[in-house]
Structure formats: structure tokens, C-alpha cells
């Protein structure tokens, strides 16, 4: 019997569906057929007090104190039970970034993925400046930098007056000076490997592969207590066969005849999600019989555009798809095209567009616009079965004419239709969160997808840790949606403009209103470089960003205001080149004790600590030294906020770390001239020699000119508060202790007073 033949009663008896819901739109079919699977079943049935499943009469009847959606598989009951602080669904880059954050916190964390293996080739490949800065804060950017292909130049190719493509311009791929890193490309499999190695180094967290979530329950009455477990998820282990995606293979041209290259269609948005098929296969597969019920304090869905977690919550992706169909080839090209090892944006007169992305190991990725509209199904998604590597190659050959292009080796390929959507909500009661493709989808040509997805969970990870450890109030978690949903909306707006310009036909002349102006395209590329780099992210006013303006307007509309009694406002004029709400820029400074130069960002490791950076100015001026002594006395006092927010038995810098950068010269100051608060003392390890730095000339690496580049007057100085994710929260006077204390009081929880212990 097919699932579509089941009535609601028969379906419930056969499948054990349990649906409790909060209010939602619902249109009852007749005679209420059950949609078996994990999509489209919300609101189909509700269960009465005596256990009978009935179809609700109207939408209002789908209201209860608890919401539980899910599919009970057969008659099997959970055989084991477990508890966890954070359960992550999805082990792509977003999920691994979160697991990597949490691996450094000591919190119990589990991460599951329905796939039986990590990615080994293909998929996302572009890594932007900000992403590399984040990787460096986790100590593995050097591995990416060494293996990746570095993108330094973009060549723009457009048709000439005769309709033949020609190189019309060259521009830098990354804005010079915007970061100490530039854009690179390296396939997603290597990125996942670096994450896995980092997680293993810092914890016992393992990715549980071939594990499928099949049921979800949320107890709303427990949502406000962050020590409780309001979430219950049923997990089922799949057989190795079921956990492997169905691949469509193509015979490729090789010197020895034929070989097989895997396609990427199982992760393409042209492929229907196979979660339903996996669930049904798991029912009958005797090898997949391990079922577990897991209670969690937090659940994070990093499970892609077809997100199971999002479907359980009833949240939606809002937006639409364009008509543009694109193919992707990862090949070792054989060609006479002169810029094949440069990033290129190529517009042909009438055959479409292609983007060339040179990659590692001699590979080149081609993003090719497919002109064959017959591959679309009635204006909807393309028919993937009719898209082949040869078809993609032929389109590229038409675009590149008169240049020749072929290949003997194809590493990976896929096809997709551009969709631009943003989730209507990113969290449920700040206990269930969505990240990455689960809440935003867009074209991949600007290299944003993997980067923005990882930065979602980079934003979320430390916030979860601080709330779970009791350092911060739960209100901190509201800033995740406020900050990241606004970024997602900005991304979609950028992608709309960029995709239209890239996919459109070049204008023949100034009177051609339907065509795309190539000058406009170049300008968009140049202006979009800062946004695409990730450096342009600017978080709005909130409890953790002290700046002027309305927090709802600067975010996504979520109320993240601090109470007026705790509110502080930055003095941006004290550091004119350090925008509040943006990531802290990096310039070199010298260690006061040993003269070693460091990039400032290298001192801001992702270890969960807040930082106060004191730009002390010229300490040869008596008034500046006096200010430092007064600030040091207040910070070092037993009643200071440093002691108030440090848990008993922890080092004084374990939650809030103080760094000092004075304006030099280095030889004018001895470390012990400064109060102990700026270089804490340990009976076992002595003074901390890694807290005080100077803006001065190094012996071998020049002068960082930090004060000049940050726009700080060395005769006056400034103090900054930096978030654990390196974003600037507050700028104020060097010695404004009261403002610092008021800022932290807006969201942090006092800890039990106790004697500090030595740092590990």
C-alpha cells in the first residue's frame, strides 16, 4: 500500500504520527490523507487526551502548551536515552564551526549528520578574508593558506563591437589593505577536515554520521529555565547503504578511455531532498535498528536548504527562484583561453555568462549559465536528469568562442537554479536555532554561502556557551537573530543585484535598456568586494553593541535593547577608524617584554573571552600614566566588575581579559611600571608577560602605526571592549571604568566571589 493511499486513521496506525502544534494555517484535504514523511505533515493530525488521532476542525485547534512534530518509525521505541547541552543537526561547515566553538568550552555537545561520510570533493570552495581571520583565531588558517589557491586578480571579459569576447579590465580580487588575508579557494572537504582535526584536538566530540533525526518535541513550559531540557529529539542510526547519497554518474573523457566522476546533484537545489526516502529505508533495514531519545538544552539546525529542523518548527524560507539555470564543472582544462588561471567574469554577446575560478591542484571551476530553457519544468525547477557535464561544457564552449576549451579530467559537477530566500525566523524561544542554508539561500558566484553560514554559527557559539555556563543572561541569545537575520537580508539584496548583473545579457549600447551595462557590472564588482569579503558586517545597537540608534531598525526588528539604566553609548571620535559593531581591524604591535611583533587579531583568540583593550597613549606623559594607575586600581579592587564576573576558582582573565597597547617608545617603559591589573601575577608562573604591547618600530617587520591606522590620538588614548567574536562593542575614554562596568551589567551575571587560580 502506498503512503498516498492511507487515510488519517490508517496512516496514524501504521506510522505512529504524533503532532501537537502551535497555531498555523491549515487546509484539511479530503478524506484527510496522511502525508508520510518529514515534509508537509505539520498540522495534519492532532492527538486527543485519550490518544486518538483526529484531524483538527480549524487552525485554532492546533494550539497547545507543548509543540511536538515528528514521525514515529514503525512500532520501534527508543532503546537508549541521553542528555546533552547542545545537539547540532548537520555536519557541514556551519555545524562544524559550531562544534569547533563548543569543543573549547567543555560543554556536552553532539553533532549528527544523516550522510555516512564527509565531503571529499566539490561543493563550496571560496573563502573570504573574514573567514580566514576566524580560522586564524582557531589556529588553523595556516593550513588553509598553504593548501589553497590565492585569488589576487579579477579579469572582466565582455563582447567587443563585433560580438567577440575581449578582456576589458583587470581589478584586484580583494581590496588592498582591507585584511591581512586575501580570498582563497579550497574545496569544502579540506575545510571540513581542518574543523574535524581542531575539534578532536580540543574535545572528545565526534561527528555521528548516518544518524537521522526522526522526531522532535519541545516543552514550552521549560523554555525560560536554561538549566532544563525542553527539547527531545529521536535519533535513528541508518545502515551504511542508506546513509550514502544516490549519485548520478557520468562517463568522462580520459586518456585511458572512460572513468567515473561523481556529481554534486544530491546536494544541488535541483534535487528533491531524500530525507523521506531515508526514513522509509530505515524502517525496513534490519541493520538500522538503533533508536535513541536525546534530551537537549539547545538544538541547532545546520541541515541545509531542506532543513528537517526548520520543517519541525514550521518556519518558512521567504523569497523566490530566478529563471537562471547554472551548471558547475570542476575540471583540469585544456584551453587556449589566456586567463584560465585568473578569476574571470565573462559575458558573451548572446550565449550567456561564465565565471572562471582557478583552484588548487590544477583544477578550475566553471560556473556556466545554461541557455536551454527546456530543462525547466513549466517555469519551475530544472529537470536535472537532462543536465549532463557535456551539456555544461558545450555551453561554456559557446560562451568562450573563439577560444577552445575541453578537458580530460572532471573532478565534480552539479547544476542549480538560483534561489534567494531568507528564513522568517531564526530561533524558537532562543532554544532552537537555525543557521546556514537552513535560513538563507542564494547564488554561489559571490562566494558567500559557506562563508556566511560559518559566520552564523561563529556568532552563535560563544553566546550559547556564555548562557550555558551562567556567565550571561539568556537575553544575550536574542542578538543572534537580530544580527544574523539582518546580515542574511543584506546578503540576499546584494545577491539580487549581483546575479542580475552577472546573468543578464550585455547592453549593446547606451540605448539598450534591457541589457546590462558592463560599466555598471564593474562598479558593482568593485563596490561589492568589501561586502563579499565579510569585513563590511556591521552589527546594530544592542545589549552587546553600544552605539547610537534604534536597535530594531539596525537589526532585523527583534527587540535587543538594553535597559536604560545599563545603556552606554560609545565615543567613536576617540578611535575614528574603528567602527563600533564591526570586527576589530588588525595592525602590528610589539610585545613590551620581548619586542616580538604580533598582529593585534592574533591576540584575540576564539576562546570565549571578552577583551578590554586599553590604548594607553603616551605613557611618558605624567597625566596618562596617572590615568592608568587609577584605572588599574579600580580594575584590581576586590569589588571590581572583573572579580564580580569571574567564577570562583578561575583565573582573573578567564572571562574578561585586559590588553594594553601604549604609544611608545618601548624603551620608555618597564612592565612593572604598570599596575598588576594589566599584567596579573601568579605564585606559580610569575607575572603575565603577554598582556602589554606597544606601537613601535620592530627590528625586522617595520612599524605597524597602530595608533595612526586606528585613528587614536596618542596624547589621549582610548579604551575598547571587544566581543569574544572580535567585534567592537564599545569605544570610550581610557579610564572610564564606570562606563565599562555599566556596559557589562546589562547582560552579565555576577558569579560567586572566590580566589582566582593560576591559568593553565
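Within the stretch 126-136, can one find any residue that is part of a strand (DSSP E or B) and in contact with a strand residue (DSSP E or B) (Cβ under 7 Å, 6 or more places away or on another chain)?
Yes; the residues of the stretch 126-136 include at least one that is part of a strand (DSSP E or B) and in contact with a strand residue (DSSP E or B) (Cβ under 7 Å, 6 or more places away or on another chain).
Conditions: (1) in a helix (DSSP H, G or I); (2) in contact (Cβ under 8 Å) with a residue 60 or more places away in the chain; (3) touching a helix residue (DSSP H, G or I) at 6+ places or on another chain (Cβ under 8 Å); (4) farther than 27 Å from residue 340 by Cβ. Residue 193 meets all but one. Number of the miss?
It fails just one condition, (3).
Which residues, counting only those in the stretch 664-673, are farther than 14 Å from residue 618 by Cβ and touching a residue at least 12 places away in the same chain (Cβ under 8 Å)?
Listed by number, the residues that qualify are 671, 672.
Restrict the check to the stretch 567-574 and report whether at least one residue is part of a loop (DSSP other than H, G, I, E, B), within 28 Å of the chain's Cα centre (by Cα) and buried (at least 17 other Cβ atoms within 10 Å of the Cβ).
yes
Among residues belonging to the stretch 417-436 that are within 25 Å of residue 392 (Cα to Cα) and touching a helix residue (DSSP H, G or I) at 6+ places or on another chain (Cβ under 9 Å), point out the one that is modelled with the lowest pLDDT.
Here the answer is 418.
Can you tell me which residue in the stretch 646-679 is surrounded by the most Cβ atoms within 10 Å (Cβ to Cβ), limited to those that are within 38 Å of the chain's Cα centre (by Cα) and closer than 14 Å to residue 593 by Cβ?
The qualifying residue surrounded by the most Cβ atoms within 10 Å (Cβ to Cβ) is 662.
Any residue that is touching a helix residue (DSSP H, G or I) at 6+ places or on another chain (Cβ under 9 Å) and farther than 27 Å from residue 462 by Cβ - is there at least one of those in the stretch 565-580?
Yes.
May I ask you to list pairs of residues, at least six apart or on different chains, whose Cβ atoms are under 8 Å apart, with the first in the stretch 454-475 being free of Cβ contacts under 8 Å to residues at least 60 places away in the same chain and the second being surrounded by 21 or more Cβ atoms within 10 Å (Cβ to Cβ) and assigned to a helix (DSSP H, G or I)?
463/476; 463/477; 463/479; 463/480
In the stretch 133-154, which residues are surrounded by fewer than 18 Cβ atoms within 10 Å (Cβ to Cβ), over 18 Å from residue 726 (Cβ atoms) and in contact (Cβ under 8 Å) with a residue 24 or more places away in the chain?
Matches in the stretch 133-154: 143, 145, 147, 150, 152, 153.
Kindly check whether there is at least one residue in the stretch 638-654 that is outside any helix (DSSP H, G or I) and at positive phi.
yes
Can you find a residue that is over 14 Å from residue 537 (Cα atoms) and modelled with pLDDT under 95 anywhere in the stretch 462-475?
Yes.
Does residue 204 qualify as being on the phi < 0 side of the Ramachandran plot, assigned by TED's automatic domain parsing to the domain that holds residue 311 and part of a loop (DSSP other than H, G, I, E, B)?
Here the answer is yes, as residue 204 does meet what is asked.
The values are calculated or read from the model by the stated rules, or taken from the named source; none is laboratory data. Everything numeric in this text was worked out from a predicted model, so none of it was measured. Glycine also receives a Cβ, built like all others from the backbone with ideal geometry; neighbour counts cover every protein chain displayed.
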